[in-house]
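Worksheet: one structure, shown below.
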């Protein structure tokens, strides 16, 4: 879901730009994820590269609260040290 998250946050990206934004993903893994996300209907090709579909944006809207909670939890764990 990291690829979908990135596309939803950054906007349409070329393959190269998306790989830069995702940082730790290999080109082969990114290519596989994009194919999977396209087959599932979450991502599609646009003139500017890859972008989330309406379905992908709806999924992102559900994932976003998990990201917010993850940041809260990380702060909580740090405070316990």
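Numbers at a glance
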read-out: So residue 20, is it at pLDDT below 95 and part of a helix (DSSP H, G or I); value: yes
read-out: Pairs where the first residue, in the stretch 28-50, is over 11 Å from residue 4 (Cα atoms) and the second is assigned to a strand (DSSP E or B), C-beta under 6 Å, 6+ apart; value: 49/13
read-out: Residues located in the stretch 1-15, provided they are out of contact with any strand residue (DSSP E or B) (no Cβ under 9 Å at 6 or more places or on another chain), outside any loop (DSSP other than H, G, I, E, B) and surrounded by fewer than 16 Cβ atoms within 10 Å (Cβ to Cβ); value: 2, 9, 10
read-out: Of all residues making up the stretch 23-33, the number that are assigned to a helix (DSSP H, G or I) and over 12 Å from the mean Cα position of the chain (by Cα); value: 5
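The values are calculated or read from the model by the stated rules, or taken from the named source; none is laboratory data. If you're wondering where the values come from, they're calculated on a predicted model, not measured in any experiment. With ideal geometry, Cβ positions are generated from the backbone for all residues, glycine too; neighbour counts draw on all protein chains shown.
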